[in-house]
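One structure below.
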Amino acid sequence: MDEPDLPLLSSGAQVRSLRQALSNTYQTNPTLMARRAELRGLDNLVALEQSAGNPQIFAGSTFTQDLHTTRALGARGRNLRSTVDFSKIVFAGGRIRNATRAARTRVIAGRAELRATEGDILTDAVAAYADVLRDREIRELNQSQVRILAMNLESTRDRFGVRDLTLTDVAQSETRLEVAKSNLATSEGRLQASEENFERIVGARAGDLEPLPALPPLPLSSELAVQTALADNADIVAFAARARAADYDVAVSRAARLPTLSVVGTVDNDNALGTANSASGLPSGTTPNSETNIAAGLTVRIPLFQGGAASARTRLNEEIRSQYIEEAIAVERLVVADTRTAFSIWRSATSAISANESAVTSSGKALESVKFEQTVGARSILDVLNAEQEFLNSKIALTSARRDAYVAAFELLNSMGASEAADLDFAADPLYDPRVNYKKYSDSWWDWKDIPRRPPASTRNVPAEAESPLTRLNSGTLHEIEPDD
């Protein structure tokens, strides 16, 4: 058996734009790659179900050598029997036809699940990109705040030295500086987590990221968004297709109670290998050394009693169908709720952007005024520190609101079924087409049409020398667990 190929280690290249991030995610994300492989497996279920109705041909040979016999008449010392059997089911009560329909419908469900996974993964990539941008900006704001408060503390100490300010003013300045340092450390930790999450989803490190690009037009109301989501959301399509496939499964289980009619044929050749006469003590040429029999006919298999298995399978598939319908309704409810929620968050975050932009402007002006008033003795150092903090808080709130609005807008697109690769403009040409594999293998009759082992497309983010079960799997040193003695 060939050894499996490991995913490639990350090349160290950095992503700099959302377009690059989405393209890299689309081409290397392991969750997305696994879903594509799962769908390719479903394609082969169609060929597997169809094969039951295709002609079946088997050949075999048996060689025997008599070691001892008490009745020599008609004996053959050696015998080679070669047989070719042919069979073709011509009627199975619809079992094969409905099983094939069920398999094809599951391919439809699998394609819908691939679409849903694609939309979710690309939405995660957008959120991860926006998180890194937000957390980098917040870190820079906190770094700036630390620098400002450090200079403010130095100035306060100088003025305290000339008795212009009190020890309380110095203590307040020191306290605010330490709080700012704590906030900076927190923001750096949050940024580290965001960058690691970015690499996990995208498969590459975040470089010097460009600003987020404009999004496509969004619906004007939540109800318009819901209507689009109900029509295009891939999760609803997937569960509806599963329920339809279960319909066919019910028909398959009912067909188990009906007769099966097959056309059969057999070709038998018996060859004594020159021993037909000698083994019986007859003169050479008395009896032929070989004979061939060709037979054809019909075989009818009528189930009379199966111990209740047919009814049990039918009831089971009926309940599975009911389960999928109920789950489809649950998914439909979830899609409606998620769409309305995303629309509401997007609208509120958009409003928050305007409010926070005004707050940043106002708090900036207020800070300048408080600083001036403090120089003439109308304000205290604490007033200046409070104004500095309000100015910082308003800028952080604005940064967070911009991120929230963008991510909520993309989540709204995802709920509406419009966040897949075909809907987005990024470099991933050609797009993955699941129909290619289906057309190639779903109707294959050839028993030797295997495929070469497919190397993983996903990239790894571990050091090259790292030890892990995946590394040992590729090197052939990962063995099965030995049973207990």
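The values are calculated or read from the model by the stated rules, or taken from the named source; none is laboratory data. Remember, predicted model here, so these are calculated numbers, not experimental data. FYI the Cβ positions are ideal-geometry reconstructions off the backbone, even for glycines, and counts take in every protein chain you see. Each accessible area value is taken on the protein alone, full model and side chains, heavy atoms only, with ligands, DNA and RNA left out. Shrake-Rupley method; radii C 1.70, N 1.55, O 1.52, S 1.80 Å.
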Requested in this report: Go through (1) at pLDDT 85 or above; (2) open to solvent by 30 Å² or more (accessible area, probe 1.4 Å) one by one and return the number of the condition residue 427 breaks.
Outcome: (1)
Query - Residue satisfying condition, being loosely packed, with under 12 Cβ neighbours inside 10 Å, at pLDDT 85 or above and part of a loop (DSSP other than H, G, I, E, B), within set 304, 298 - result: 304
Report summary line: Residues of the range 225-253 being within 16 Å of residue 330 (Cβ to Cβ) and of a type in the set (S, T, N, Q), in sequence order, are 233
Query - Residue in the range 96-116 that is open to solvent by 20 Å² or more (accessible area, probe 1.4 Å) and closer than 30 Å to residue 295 by Cα present - result: yes
**Report entry** Criterion: out of contact with any Asp or Glu (no Cβ under 8 Å at 6 or more places or on another chain), closer than 30 Å to residue 217 by Cα and at pLDDT 90 or above - qualifying residue of 311, 322, 344
**Finding:** 344
Query raised in the report: Taking the range 105-139 only, how many residues are closer than 30 Å to residue 398 by Cβ and of a type outside the set (Val, Ile, Thr)?
Result: 16
Requested in this report: Can you tell me which residue within the range 157-176, out of those that are loosely packed, with under 13 Cβ neighbours inside 10 Å, of a type outside the set (Gly, Ala, Ser) and at negative phi, is modelled with the lowest pLDDT?
Outcome: 164
Report summary line: Screening 194, 182 for residues that are assigned to a helix (DSSP H, G or I) and open to solvent by less than 60 Å² (accessible area, probe 1.4 Å) leaves only 194
Query raised in the report: Given the structure, is residue 380 among the small types (Gly, Ala, Ser) and open to solvent by less than 30 Å² (accessible area, probe 1.4 Å)?
Result: no
Report task. For residues that are open to solvent by 30 Å² or more (accessible area, probe 1.4 Å) and hydroxyl-bearing (Ser, Thr, Tyr), scanning just the range 355-370, find the one that is farthest from residue 392 (Cα to Cα). Result -> 369
Query - Subset of the range 195-230 (residues that are in contact (Cβ under 8 Å) with a residue 60 or more places away in the chain, within 16 Å of residue 17 (Cα to Cα) and out of contact with any Ser or Thr (no Cβ under 7 Å at 6 or more places or on another chain)) - result: 195, 198, 199, 205, 206, 207, 208, 209, 211, 212, 213, 215
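Yes/no matrix, rows are residues, columns are (1) assigned to a loop (DSSP other than H, G, I, E, B); (2) at pLDDT 90 or above; (3) open to solvent by 80 Å² or more (accessible area, probe 1.4 Å); (4) closer than 30 Å to residue 120 by Cβ:
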position	(1), (2), (3), (4)
6	yes, no, no, yes
11	yes, no, yes, yes
42	no, yes, no, yes
45	no, yes, no, yes
60	no, yes, no, no
64	no, no, no, no
70	yes, no, yes, no
75	yes, no, no, no
Query raised in the report: Just to be sure, is residue 433 without any contact (Cβ under 8 Å) to a residue 12 or more places away in the chain, farther than 26 Å from residue 201 by Cα and out of contact with any Cys (no Cβ under 6 Å at 6 or more places or on another chain)?
Result: no
Query raised in the report: For the range 80-110, which residues satisfy the criterion of being among the basic types (Lys, Arg) and within 30 Å of residue 435 (Cα to Cα)?
Result: 88, 95, 97, 101, 104, 106
Report task. Tell me, yes or no, whether the range 122-129 has at least one residue that is open to solvent by 40 Å² or more (accessible area, probe 1.4 Å) and within 28 Å of residue 247 (Cα to Cα). Result -> no
Query raised in the report: Can you name the residue in the range 405-422 that is outside any loop (DSSP other than H, G, I, E, B), in contact (Cβ under 8 Å) with a residue 24 or more places away in the chain and open to solvent by 20 Å² or more (accessible area, probe 1.4 Å) and is also nearest to residue 129 (Cα to Cα) among such residues?
Result: 406
**Report entry** Yes/no for residue 137 being surrounded by fewer than 17 Cβ atoms within 10 Å (Cβ to Cβ) and in a helix (DSSP H, G or I)
**Finding:** no
**Report entry** Which numbered condition residue 201 misses (of (1) within 30 Å of residue 65 (Cβ to Cβ); (2) assigned to a helix (DSSP H, G or I))
**Finding:** (1)
Report task. Report yes if some residue within the range 234-255 is modelled with pLDDT under 90 and open to solvent by 30 Å² or more (accessible area, probe 1.4 Å); otherwise report no. Result -> no
Query raised in the report: What are the pairs, 6+ residues apart or on separate chains, where a residue within the range 152-173 that is in a helix (DSSP H, G or I) has its Cβ under 8 Å from a residue that is among the aromatic types (Phe, Trp, Tyr)?
Result: 167/160; 169/160; 170/160
Report task. Scan the range 432-458 residue by residue and report those that are of a type in the set (A, V, I, L, M) and either touching a Lys or Arg at 6+ places or on another chain (Cβ under 7 Å) or within 15 Å of residue 107 (Cβ to Cβ) (or both). Result -> 436
Report task. Output the qualifying pairs, or none if there are none: Cβ atoms under 6 angstrom, residues six or more apart or on different chains, first residue in the range 313-333 and more than 28 Å from residue 416 (Cα to Cα), second residue open to solvent by 80 Å² or more (accessible area, probe 1.4 Å). Result -> 314/254
